[in-house]
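The structure under discussion appears below in the form of structure tokens.
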Amino acid sequence: PDEGPKIVINGMTRLVDVEIGIYGFTDKQVFEKRDIYDLTRDIVHNRALPQATKSPAVEPLQKIAHKLTSRDIQGRFAEVVELPAMKEGVYVVSAAVDGVVRHQWLNVSRLGLVTKVSPNGVMGYVVDIQTGEPVEGVSVAVVDEDGRTEIGKTDARGIVSERSAQAQTGSCVM
């Protein structure tokens, strides 16, 4: 959250101007959905709808004008763009050039979650990504087609585990 995320934009164009948009979700929207995919899929995966970011589900936060600095003879480019620092949250970032718009979600967090799944259940390990130290008291849930099931809070070692069949079929979120 204290540093600007970096994204890679790539494609092919004869133009040099790329418009990058940053859109945010409210905390309420994030917590009402089952996971980030459910929250962002209508925007990110609807490539046929260039104006997806005009959805009432997202709030426009910032537009950035980026000039391409390197293209090959056919107009192909791949450039790293550093975005401004953002507070923790879920965002959609769009890039528009030459009438083509693409969207992708971005999760900004100070926490990292590592999960391991076995026939006996699931285990999660939560750390502070800047210090590498375990984080106690983080709620971790399993999300599957039946919804979201809390499996517990991390202990002083940053670990939470659940022994159940459901834990093996879903995705872990915090």
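Considering 126, 142, which residue is of a type in the set (Val, Ile, Thr), on the phi < 0 side of the Ramachandran plot and modelled with pLDDT of 80 or more?
None of the other options fit; the residue is 126.
Got a sec? Which of 157, 102, 148 is part of a loop (DSSP other than H, G, I, E, B) and surrounded by fewer than 18 Cβ atoms within 10 Å (Cβ to Cβ)?
After applying the criteria, what remains is 157.
Checking the structure you have, find out if any residue of the range 114-129 is charged (D, E, K, R), open to solvent by 20 Å² or more (accessible area, probe 1.4 Å) and within 19 Å of residue 66 (Cα to Cα).
Within the range 114-129, not a single residue is charged (D, E, K, R), open to solvent by 20 Å² or more (accessible area, probe 1.4 Å) and within 19 Å of residue 66 (Cα to Cα).
Under the condition of being surrounded by 13 or more Cβ atoms within 10 Å (Cβ to Cβ), closer than 20 Å to residue 21 by Cβ and at pLDDT 90 or above, which residue from the range 70-92 is nearest to the chain's Cα centre (by Cα)?
Checking each candidate, the answer is 86.
In the range 43-69, how many residues are surrounded by fewer than 15 Cβ atoms within 10 Å (Cβ to Cβ), assigned to a loop (DSSP other than H, G, I, E, B) and modelled with pLDDT under 90?
Result for the range 43-69: 8.
The values are calculated or read from the model by the stated rules, or taken from the named source; none is laboratory data. Note that the structure is predicted; figures quoted are calculated from it, not measured. Cβ: placed from backbone, ideal geometry, glycine included. Neighbour counts: every protein chain shown. Accessible surface areas use protein heavy atoms only, side chains included; no ligands, DNA or RNA. Shrake-Rupley method; radii C 1.70, N 1.55, O 1.52, S 1.80 Å.
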